[in-house]
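Since every read-out is calculated from the coordinates, none of them should be taken as a lab result. Given the structure is predicted, the values throughout are model-derived calculations rather than measurements. Every residue, glycine as well, gets a Cβ built from its backbone with ideal geometry; the counts of neighbours run over all protein chains shown.
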Amino acid sequence: METIASIMEMLMVVCFGMSWPLNITKAWKAKTAKGTSLLFYLFIWIGYIFAIVGKCILIAYHAPQPWYVTVKWYVLFFYVLNTLMVTAGILIYFRNRTLDKWAERKAEKAEKAKK
């Protein structure tokens, strides 16, 4: 029963995780932070960190049992993978915000040159 619960948890995390590569690709190609919520990214990132910390607490509680007996490795793997993808999304957000500022400055200079 515990294995079935772990598989269901893993499938939930995999379903969430399937959207991150699409989001990362779209954000990279868009080259703008407009319409992107940093707060959204941060809440998702913190949620995954809480899940990973929760798994670590379970591992510590069940010590000296091996960690892979207490926590299914495949569930922990997908939490870590999703956290890395959200981190990539956050980094792309900051890259795109910088690109937005550069574009703004360029537009301001072009406007001044017209006058």
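Applying the selection to the stretch 1-27, what residues are among the aliphatic types (A, V, I, L, M), within 23 Å of LEU99 (Cβ to Cβ) and loosely packed, with under 12 Cβ neighbours inside 10 Å?
Within the stretch 1-27, LEU22 is the sole residue that qualifies.
Just for helices (runs of 4 or more DSSP H) wholly inside the stretch 28-115: which have at least 2 residues that are surrounded by 11 or more Cβ atoms within 10 Å (Cβ to Cβ) and touching a residue at least 24 places away in the same chain (Cβ under 8 Å)?
38-61, 73-114
Out of all the residues in the stretch 20-46, which are touching a helix residue (DSSP H, G or I) at 6+ places or on another chain (Cβ under 9 Å) and either of a type in the set (Phe, Trp, Tyr) or more than 17 Å from LEU91 (Cα to Cα) (or both)?
Once the filter is applied, which keeps residues that are touching a helix residue (DSSP H, G or I) at 6+ places or on another chain (Cβ under 9 Å) and either of a type in the set (Phe, Trp, Tyr) or more than 17 Å from LEU91 (Cα to Cα) (or both), the stretch 20-46 yields TRP20, TRP28, TYR41, TRP45.
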